[in-house]
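Right, one structure below, let's go through it.
The values are calculated or read from the model by the stated rules, or taken from the named source; none is laboratory data. Model, not experiment: these values are computed from the prediction. Side chains are part of the model used for accessible areas, which takes the heavy atoms of the whole protein and leaves out ligands, DNA and RNA. Shrake-Rupley method; radii C 1.70, N 1.55, O 1.52, S 1.80 Å.
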Amino acid sequence: LSYDTSDKRYPVLYLLDSNWYFPMATSIVQTMMIIPSTLYVQEMIIVGIGYETTDVSMQTGLRSRDYTPSVNDEIVASMRAILPWAEIENTSGEAADFLNFISSDVIPFIDNTYRTDPNTRIGHGHSFGGLFMLYTLFNKPDTFHQYIAASPSIWWDNKIILTHEQAYADTHHDLSSTLYLVAGTDELGILSDAAAFVTKLKSRNYSGLNLKYEFMEGEIHSSIVARTFINGLRTLLKVT
């Protein structure tokens, strides 16, 4: 609302799966800010990270490649069988390259182009995107200051993300980040994995970690997206 008429700096939210979720995210934010005198969340810059294709099947395959932290051809083959319409290549495990692209190319470009708040950078991901957020948190935690991980695919490759968390814990006692982790009560395995993960993080007692979590009653894997986005903004960017 005020970017063009002020000189202040703004929080930035980096939204994965933007081909699908960017229209939803921007509409929600515009609606929450429709009456400027009663702002509930801070004004922000939303950066959508997606793919140069409108083909949903190609998007599905590309995200499977970029958001996963390890190669597992067996899972990719099973996904291809479950989603025969999707152009899922026999490729996975390129999260390290994707993280380097975001941290080395995307974020510096945004910071150099727009008036960003250097202390409020949020990463948002759902499903495989949520898994990628956890991967980033334990491999390059200063990429974002705050993380939203919605229904993260902790199950990927025999829960290999737990190995990344263990490796981080072996060499660190601090984790200066905010993590907002969400799962739906009707997501079965994803819910139980998320609950166990929260218990594990609590037991670490990481100095500096602001752990927030919510298990949303009645939500399934697809319905949780919009609610997570709204609650995430209200949790992390509430006007004080």
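Figures for the structure shown
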quantity: Average accessible area per residue (Å²) across the chain - probe 1.4 Å, nucleic acids and ligands excluded; calculated: 47
quantity: The chain - percent relative contact order, Cα under 8 Å, separation 6 or more; calculated: 19
quantity: Global geometry of the stretch 87-240, whether rounded, prolate or oblate, following the gyration tensor of its Cα atoms and the 1.5 cut on a/c; calculated: rounded
quantity: Folded to 0 to 90 degrees: helix 189-204 orientation relative to the chain principal axis, Cα; calculated: 70
quantity: Relative contact order [Cα under 8 Å, 6+ residues apart], the stretch 180-222, whole percent; calculated: 67
quantity: Heavy atoms of residue 40 accessible to a 1.4 Å probe, total area in Å² rounded to 10; calculated: 90
quantity: Accessible area of the stretch 185-240 belonging to carbon and sulfur atoms, whole % at 1.4 Å probe; calculated: 52
quantity: With all protein chains modelled, accessible area of residue 223 [1.4 Å, Å²]; calculated: 50
quantity: ³J(HN,Hα) computed for each position of the stretch 170-177 - Karplus, 6.51 cos²θ - 1.76 cosθ + 1.60, integer Hz, glycine/proline x; calculated: 5, 10, 9, 10, 10, 8, 7, 8
quantity: Cα-based helix-to-principal-axis angle, 18-32 vs the chain, degrees rounded to 10; calculated: 30
quantity: Residue-level accessible surface for residue 142, protein heavy atoms, 1.4 Å, Å²; calculated: 110
